[in-house]
Every structure is written in structure tokens, then in C-alpha cells.
Amino acid sequence: MAKFRVRVSTGAAFGAGTWDKVTVSLVGTKGESPPLPLDHFGKEFSAGAEEDFEVTLPQDVGQVLLLRVHKAPLALPCPLGPLAPDAWFCRWLQLRPPTDAPLLFPCYQWLEGAGSLVLWKGAAKVPGEDDHPILQQQRREELQARQHKYRWKTYIPGWPHCLDEKTVKDLDLNIKYSTVKNTNLYLEGSSAFAELRIKGLLDRKGPWRSLKEMKRIFNFQKTPAAEYVFEHWQEDAFFASQFLNGLNPVLIRRCRRLPENFPVTDAMVAPVLGPGTSLQAELERGSLFLVDHGILSGIQTNVINGRPQFSAAPMTLLYQRPGCGPLLPLAIQVCSRAGAGRQTPGPNSPIFLPTDDKWDWLLAQTWVRNAEFSVHEAITHLLHEHLLPEVFTLATLRQLPPCHPLFKLLIPHTRFTLHINTLARELLIAPGQVVDRSTGLGIGGFSELIQRNMEQLDYSVLCLPKDIQTRGVADIPGYYYRDDGMQIWGAVERFVSEIIHIYYPSDVSVRDDRELQAWVREIFSEGFLGWDSTGIPSSLETRDALVCYVTMVIFNCSAKHSAVSAGQFDSCAWMPNLPPTMQLPPPTSKGQAKPEGFIATLPPVNATCDIVIALWLLSKEPGDRRPLGTYPDEHFTEEAPRRSIAAFQSRLAQISRNIRERNRGLALPYSYLDPPLIENSVSI
């Protein structure tokens, strides 16, 4: 009978310890041991504890392949029966045989109630024909259990499929918010609603009386960036800069030929372009840029407080002055007669210019900012940075066992994603909730936008280098989203490449990994609905293709989400800069705009407050953070991937130093892609 020593590490989080009875079975090449109790005198498995136990095997199980960890309530003498089982977070177990080197079995899972976990030896491994039959069988059983536990459903037709759970109460602890994070979110939300209700704003359905009155809500939790927005929101240079470094920096593209339905003339823009040039000359020079919100054409709109709301599909032409001057708006067509196809120019869709009356020009810009809100919240943020990361997360849990190197690489970038998205389906995008009661499009318009974008979505949009190239914005100055994003993409890509080359010696090994191929295929079918037009691969044939794909997943689950989420409150705290809805129709002529009409067009008081609170909560992590590249759960145990992790962290630290050095010279620092401020995963 051989004696083994077992060291057990329990997580330090609130509630991670357990009073339950824990046993372990050793699974080897010659059989499986009975459950062996892990106990000694006194309390075991307290939060944060590392404890040693000695177990005696009654028979030889051969080379140890797996551990089975069992948990059951203590059978204490109690007149009311046995104690109710609780939850336990196990970090890892280390098994020390009598003569051989110790074996580490990573876990990093919650075990709720009475049940069992299977733990694999630490070294990551892709599936192979040379695996022991017991390991092959266990991989199959593990995936079958996960596929039964985590199921797909269709939330709205035409959307990516999602987790089949109705409320966060239904989630198991391994995908649910920690107690700290959940408590912080609840307390912050409750205090915000209470503050604005006390001020008498949250329940007021009428319009704002003046811009001055709006400052009452602006003073709610304002930030330095929000202060800057308030001071500069009417300036042309700031209006244009938000297409580069605001909350939706992904639409601007170089314009080489004016769209036929945007009939800007030389006479219109001569005051901005100056003498000695023309539209055609500037188009050829590459100094003109276009932001086209045409996807909003003919979109259905909402009813708020019993009043119909309005939307437009504007086009904005921008000019980059020679010598790295500021980007400036040249012309805006609000497109009030947007039809079922693209925007329709005409007498009722005038082209607004910087030389127009102040209120005409400001109103046109505000319609563009409203379009930015709709496209950003429905497509850039919700679809690209929540719904798609949920697909990546769910496919990872269902198709990759914990011993797979891609599971170990990706699982930190899925943390809490299923919780926040399930919560969003409860409180944000459900009928009657925030989107439905306080945005100009409502859930119907949001749904239509997502369906439209799914039909035209392209793989290149999700891959930053290709996206920058496609939009022709590689050299526009002052584009910090591009500059910082490309640095981070490069760091992630190098890290991913190192990991992939450790575990995949050739392209053939990529093609032969059935679990990897099932993962890619499920993302294609469940997330991108099997549409070949998206260009999303349904299989991967080479290591280079795998590196690009995994880099895309990690970047969108971390950096890209931060870039389009963290600045939401900064942009909307002063509501006229980012109105969630418009209460009057778009202008059909010039010279009619007045201050009172401008204010009447803006959202009502209660909708403003509703959105400001929601975006305040969605812009900040409610505690229990894990910044990009931080991996306290050590799924990789080998030296090679650990060295790659350390190198990745070093590169991110240098990127952060570069960003902070640059920001010291900026009036409005761009920090949304500073690595310590980026969360590893979509968790808010």
C-alpha cells in the first residue's frame, strides 16, 4: 500500500472555503482508487489555505493520469438532519508519490453542493491518437457534460446565439459574478438611482427647460474627461476628434470619391478648404474622410413617454488640414428623408456647413452624435463586444476540455462574460427595460440594426490591422485608438504565436486537432449563423490562421471592449454630446433652428437620467478586476508558456509607459487602451 501526500489550495475569495467532506480518487493506467478522505484534526479547506494530507492507496493504480475530487456534506449528528452542502473553490491539488516528482493538477473551479470534479495533470495537451484510452474517454465525457450544462438558444432571430439561461440566478458559480463584484454593482446602481430620484429628475417625463438645467445631472459622478467634453462639445475640432478617439472610433474611413447621394460642392466647402484647392484635389490627396451612418436608413423608432421618437442616417465629410492640423468637419447631410435603401438627398435634406447659423450647425452635429449613440450601442458595443465574445466564451466551455492549451489560453478572457450578458438580457435589452424605455430606437430598432450588421459583417472588421487598412486610416494623425490598439494587437499576437508554436509543431497538427476544429465550427455556426459571406472561417488549416483567429478573440474580449465601453459615461455625462434619442424630426431646411427648438429636440429628463446611470455603471468595473495579461489562475504549469506569459506582461508594461508618456502632452488624455485599465474579459 503506497502512501501519497496531497497538498490542496483553496481560493481566497469570499465564500471560497467549505465545511464539507472532501475526498480524492486517483485514476491510473491500472485502475482507480476508492475515494480517499482528505482530513486531519481541525477545520480544513478554509479560504486562502494550502494544506497537506496523507493518503494510502489500497492497490496499485499504475501511472496516475487523473484525479477525481468529491465533495459531500458532513454527516454530523444533528436533529434537523445533515448540514446543507456549500460551495468550495479549489485552486489546485498537488500529488506527491512516494518516489517520483510531484504532480500538479490545476483546478480553479467552484464545486457546488455534493458532486465531483475531474482534474488533469498540469501539462497542456492537444488530443492525439497516442493518448491513453482512459484520457481519450475522459475528454469525451468532459465535453459531453459541458455541452449538456451550457446550451445555446436563440434570443432574437438574426442575432448570434447565446447561453440558454433566463436570469443570473440560474448560473452556476463558475460563470457567475463573485460576491464582491455583484455587491459592488448592486450598491453603485442603487445609489445612482436614489441620487437622481432625490433630485426629482429620474421620474420627470417632460423636456429639459434649458442647457443650464442639464448641468444638474452633469454634476453626477463627473470625470475629468466628461468635464473636457462639457467645455468643448460645441467646437468643430472636438466634434471631429470623437470619430478618432471617442467611444465609437471604428467608422471613419478615407474618402477617395464622394458618394453620389452626398452632393457636396466646391462652393460649399471653399471657406474651410481655403484658396488654391478643390474637393477633387483633396480627394486625390487623401485628405478627406467620411463617416456614414447609412445603416440607420429607414430604421424603426421608439415611443417614449407616449411620444414618437425620431432618427436620421447622416453622412459627415471631414477634412485633415495639411501639416497635421486638426481634423475638421466640412459638411453634414442629416438625411431626414432616409428611405428603405440608402440616404436620399434632396430639397428636404439640406447639407449643413460650418458657415451656417450657429444653431443650424450645432443641431446637425447633434443629429450625428445621436446616430453615433445608436450605431455604437447596438452594433459596436452590444453586437461586436458582448454578443460575439459570449459566442467565443460558450464555444470554449463546450468544445475545449480544461487540459487543452487553447482552453488554458482563453479561459481568463471569458471571465464573467456569461454573467454580464445574462444580466443585460434581464435589465437592459429586455422589453420594457432601459433600451426599450429610454432610447430612440428601442429594442425593435436595436434588433433591426443588429440583424442588418450581421448580414454585412466581415471578418476583417474584427481584426484591427486589416480593419485599419480597409478603412484607409493608417496615417491619419492623432488617432490614438489605432496607435494604442495596434501596439496591443501586436503584443497579443506575439504571445499567442509563442503559445501556438509550443503545442502545434506544424500546420498538420492544427488541421488534425478535432477539438480545435469543433470549436471554430461552433463559433461559425452559432455566432455567425453559418453565413459564408462573413468571411469568418469554419475551419483552420495553418498555424498562422490559428494565431490570427485566437488573437482576434482575445483582442475583442479585452482591448476592443475597453476602447468602446470605458468611455461611455465620459461621452454621455453631458447629454447633448451623445443624445440617446431625438424628440423632434430632423431639420428639412436651414435657418429654422433656435435654442428652444434645439432643447426640445433633445431627450426628455427621465430618459436622459436612465441612460446616464446605465452608461455610468457600464463604464467602470465594479471591483474584482483582472487587467489584461494578469493570470492569477495558473492554468499553464510548464516553463515555456510561463516564460511567454512573463514576456507578454513585460511588453504590456512598456506599452503602458509609452501611452502615459504621450498622454502627458495631451489636453484630453486617451487612456481607454492603457493595459492596466483594460480588463482581461468582457465583464461589465
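What to note about this one:
- The listed residue being over 20 Å from residue 558 (Cα atoms) and among the basic types (Lys, Arg), out of 437, 415: 437
- Residue that is most open to solvent (accessible area, probe 1.4 Å), among those in the range 603-622 that are under 16 Å from residue 578 (Cβ atoms) and polar (S, T, N, Q): 619
- Which numbered condition residue 612 fails, given (1) within 25 Å of residue 186 (Cβ to Cβ); (2) modelled with pLDDT of 95 or more: (2)
- Remark: pairs (first residue in the range 438-454, closer than 22 Å to residue 531 by Cβ; second residue among the acidic types (Asp, Glu); Cβ separation under 6 Å; 6+ apart in sequence or on different chains) are absent.
- Matching residues, the range 521-543, being without any contact (Cβ under 8 Å) to a residue 40 or more places away in the chain and either on the phi > 0 side of the Ramachandran plot or in a helix (DSSP H, G or I) (or both): 521, 524, 525, 530, 532
- Conditions (1) closer than 19 Å to residue 482 by Cα; (2) open to solvent by 70 Å² or more (accessible area, probe 1.4 Å); number of the one not met by residue 670: (2)
- Single match in 559, 545, 600, 566 (criterion: modelled with pLDDT of 95 or more, open to solvent by 10 Å² or more (accessible area, probe 1.4 Å), under 23 Å from the mean Cα position of the chain (by Cα) and closer than 30 Å to residue 373 by Cβ): 566
- Within the set 55, 24, the sole residue that is open to solvent by less than 60 Å² (accessible area, probe 1.4 Å), in contact with a Phe, Trp or Tyr (Cβ under 9 Å, 6 or more places away or on another chain), of a type outside the set (Ser, Thr, Tyr) and within 16 Å of residue 107 (Cα to Cα) turns out to be 24.
- Pair list, Cβ under 9 Å, 6 or more apart: the range 229-243 residue closer than 11 Å to residue 369 by Cα, other residue of a type in the set (Lys, Arg) and part of a helix (DSSP H, G or I): 233/369; 239/369; 242/369
- Complete set of residues in the range 471-481 that are open to solvent by 10 Å² or more (accessible area, probe 1.4 Å) and touching a residue at least 24 places away in the same chain (Cβ under 8 Å): 472, 477, 478, 480
- Residue 257 meets all of the listed conditions (1) in a helix (DSSP H, G or I); (2) modelled with pLDDT of 95 or more; (3) exposed (fewer than 14 other Cβ atoms within 10 Å of the Cβ) but one, namely (1).
- Considering the range 28-57, and only residues there that are out of contact with any Ser or Thr (no Cβ under 7 Å at 6 or more places or on another chain) and in a loop (DSSP other than H, G, I, E, B), the residue that is nearest to residue 91 (Cα to Cα) turns out to be 44.
- For the range 197-250, a residue qualifies if it is open to solvent by 30 Å² or more (accessible area, probe 1.4 Å), acidic (Asp, Glu) and farther than 21 Å from residue 618 by Cβ, and the qualifying residues are 203, 231, 235, 236.
- Some residue of the range 367-388 being crowded, with 24+ Cβ neighbours inside 10 Å, more than 30 Å from the chain's Cα centre (by Cα) and part of a helix (DSSP H, G or I): no
- Among the residues of the range 172-201, those that are under 28 Å from the mean Cα position of the chain (by Cα) and outside any helix (DSSP H, G or I) comprise 172, 173, 174, 175, 176, 177, 178.
- In the set (1) touching a helix residue (DSSP H, G or I) at 6+ places or on another chain (Cβ under 7 Å); (2) open to solvent by less than 20 Å² (accessible area, probe 1.4 Å); (3) more than 29 Å from residue 345 (Cα to Cα), residue 582 fails one condition alone, (3).
- Within the range 185-214, residues that are farther than 26 Å from residue 416 by Cβ have Cβ atoms under 6 Å from residues that are assigned to a loop (DSSP other than H, G, I, E, B) and among the polar types (S, T, N, Q) in these pairs: 205/305, counting only partners at least 6 apart in sequence or on another chain.
- You will find that of 647, 607, the residue that is farther than 22 Å from residue 423 by Cα and not in a strand (DSSP E or B) is 647 and no other.
- Candidates 651, 660, 625 - the one that is closer than 19 Å to residue 497 by Cα, surrounded by fewer than 21 Cβ atoms within 10 Å (Cβ to Cβ), in contact (Cβ under 8 Å) with a residue 12 or more places away in the chain and among the basic types (Lys, Arg): 651
- Listed by first and then second residue, the pairs linking a residue in the range 544-572 that is closer than 16 Å to residue 627 by Cα to a residue that is open to solvent by less than 10 Å² (accessible area, probe 1.4 Å) and of a type in the set (Gly, Ala, Ser), with Cβ atoms under 6 Å apart and 6 or more places separating them unless they lie on different chains, are 557/681.
- Residue within the range 628-641 that is open to solvent by 10 Å² or more (accessible area, probe 1.4 Å), of a type in the set (Val, Ile, Thr) and assigned to a loop (DSSP other than H, G, I, E, B) present: yes
- Of the residues making up the range 436-450, just one is within 18 Å of the chain's Cα centre (by Cα) and within 14 Å of residue 580 (Cα to Cα), namely 446.
- Exactly one residue out of 11, 62, 15, 113 is open to solvent by less than 50 Å² (accessible area, probe 1.4 Å) and out of contact with any strand residue (DSSP E or B) (no Cβ under 7 Å at 6 or more places or on another chain), and it is 113.
- Answer from 112, 129 - the residue that is farther than 29 Å from residue 1 by Cβ and free of Cβ contacts under 8 Å to residues at least 24 places away in the same chain: 129
- Summed over the range 511-542, the residues that are within 25 Å of residue 631 (Cα to Cα) and either among the small types (Gly, Ala, Ser) or more than 21 Å from the chain's Cα centre (by Cα) (or both) give a count of 2.
The values are calculated or read from the model by the stated rules, or taken from the named source; none is laboratory data. Small disclaimer: the values here were computed from a predicted structure and weren't measured. As a convention, Cβ positions derive from the backbone with ideal geometry for all residues, glycine included, and neighbour counts pool all protein chains shown. Each accessible area value is taken on the protein alone, full model and side chains, heavy atoms only, with ligands, DNA and RNA left out. Shrake-Rupley method; radii C 1.70, N 1.55, O 1.52, S 1.80 Å.
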